[in-house]
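Enquirer: This is the structure I want to talk about, given as structure tokens.
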Amino acid sequence: MGLHLGDPAPNFKAQTTAGEIDFYEYLGNGWGVLFSHPADYTPVCTTELGKTALLSEEFAKRNVKVLAVSVDPLDKHEGWVKDINETQNTTVNFPLIADADRKVATLYDMIHPNASATATVRSLFVIGPDKLIKLFITYPASTGRNFVEVLRVIDSLQLTANYSVATPADWKQGEDVIVVPAVSTEDAIKKFPKGVKVVKPYLRYTPQPNV
Ligand code: BEZ
């Protein structure tokens, strides 16, 4: 079964490098990132997990818990994490699921048989506090993801959730945001005291509300 934006993120229990985890309990009331990579002891994955660990304060600032999935067993994960820490100058401080039976990979449709019959592709899901899927991306094994972009998307999702604004192409922190179509210009003027710039009736900007 394919998952779509807005679908409930399936819950699961899994063995991880931090013991058994119930996914929903692990997420608590915050946001979550669940991401897969093809296999342990592979080069691109080593850099991806290292980069995620290096950005752990940024994820924490946004109230995001990170959880990685790999279809390898726990003892292999534990050895590999030592290599990641050593080569990427970091400390991996988020759990890795030991998904040797592919339970989580199957639940989240992370195996794409025409790419690889056995390994997971690079899937990444952002899950909101309501446990609904807010975003997913899928990259091939040969392309490492941009985790600064993942943070940027989370910033956009959190702005939408908290302030009813959207973000334009290539938006960065501190730049103007867009009033969502569901809010009338009259209401927008009341809602956004920093001002509303109407370029077209359907294209209205306001300064980022939370800076
Ligand atoms: C990697 O994870 O490093 C990788 C996997 C498959 C192809 C290329 C790179």
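Enquirer: Just for segment 127-149: of the residues that are within 15 Å of the ligand (Cβ to nearest atom) and among the small types (G, A, S), which one is least open to solvent (accessible area, probe 1.4 Å)?
Expert: G144
Enquirer: Further question on the same structure: Output the residues belonging to segment 32-51 that are farther than 13 Å from W80 by Cα, open to solvent by 10 Å² or more (accessible area, probe 1.4 Å) and more than 7 Å from the ligand (Cβ to nearest atom).
Expert: Correct list: K51 only.
Enquirer: Say we look at segment 153-199 and pick out the residues that are within 23 Å of N29 (Cβ to Cβ) and without any contact (Cβ under 8 Å) to a residue 24 or more places away in the chain; which of these is surrounded by the fewest Cβ atoms within 10 Å (Cβ to Cβ)?
Expert: Pass one, segment 153-199, residues within 23 Å of N29 (Cβ to Cβ): 153-165.
Checking which are without any contact (Cβ under 8 Å) to a residue 24 or more places away in the chain leaves us with 156, 160.
Numbers: S156: 19, T160: 16.
Looking at the filtered set, the residue picked out is T160.
Enquirer: Answer yes or no as to whether L124 is more than 16 Å from the ligand (Cβ to nearest atom), in contact with a strand residue (DSSP E or B) (Cβ under 9 Å, 6 or more places away or on another chain) and not in a helix (DSSP H, G or I).
Expert: Details: more than 16 Å from the ligand (Cβ to nearest atom): no; in contact with a strand residue (DSSP E or B) (Cβ under 9 Å, 6 or more places away or on another chain): yes; not in a helix (DSSP H, G or I): yes.
Considered against the rule, which asks whether it is more than 16 Å from the ligand (Cβ to nearest atom), in contact with a strand residue (DSSP E or B) (Cβ under 9 Å, 6 or more places away or on another chain) and not in a helix (DSSP H, G or I), L124 comes out as no.
Enquirer: Answer yes if at least one residue in segment 17-30 is open to solvent by 20 Å² or more (accessible area, probe 1.4 Å) and within 16 Å of the ligand (Cβ to nearest atom), and no otherwise.
Expert: First, pick out the residues of segment 17-30 that are open to solvent by 20 Å² or more (accessible area, probe 1.4 Å): 17-20, 22, 24-26, 28-29.
Imposing the further condition that a residue be within 16 Å of the ligand (Cβ to nearest atom) reduces the set to none.
No.
Enquirer: Determine, yes or no, whether K65 is open to solvent by 20 Å² or more (accessible area, probe 1.4 Å), touching a Phe, Trp or Tyr at 6+ places or on another chain (Cβ under 7 Å) and either outside any strand (DSSP E or B) or outside the structural domain of L132 (by TED's automatic domain parsing) (or both).
Expert: Details: open to solvent by 20 Å² or more (accessible area, probe 1.4 Å): yes; touching a Phe, Trp or Tyr at 6+ places or on another chain (Cβ under 7 Å): yes; either outside any strand (DSSP E or B) or outside the structural domain of L132 (by TED's automatic domain parsing) (or both): no.
So K65 does not fit the description; no.
Enquirer: Something else: Would you confirm, using the coordinates I've provided, whether A161 is among the small types (G, A, S) and modelled with pLDDT of 95 or more?
Expert: Here the answer is yes, as A161 does meet what is asked.
The values are calculated or read from the model by the stated rules, or taken from the named source; none is laboratory data. Predicted model, so just to flag it, every value in this text is computed and none were measured. Heads up, the Cβs are rebuilt from the backbone with ideal geometry, glycines too, and the neighbour counts pull from every protein chain shown. Just the protein is used for accessible areas: all its heavy atoms, side chains included, with ligands, DNA and RNA removed. Shrake-Rupley method; radii C 1.70, N 1.55, O 1.52, S 1.80 Å.
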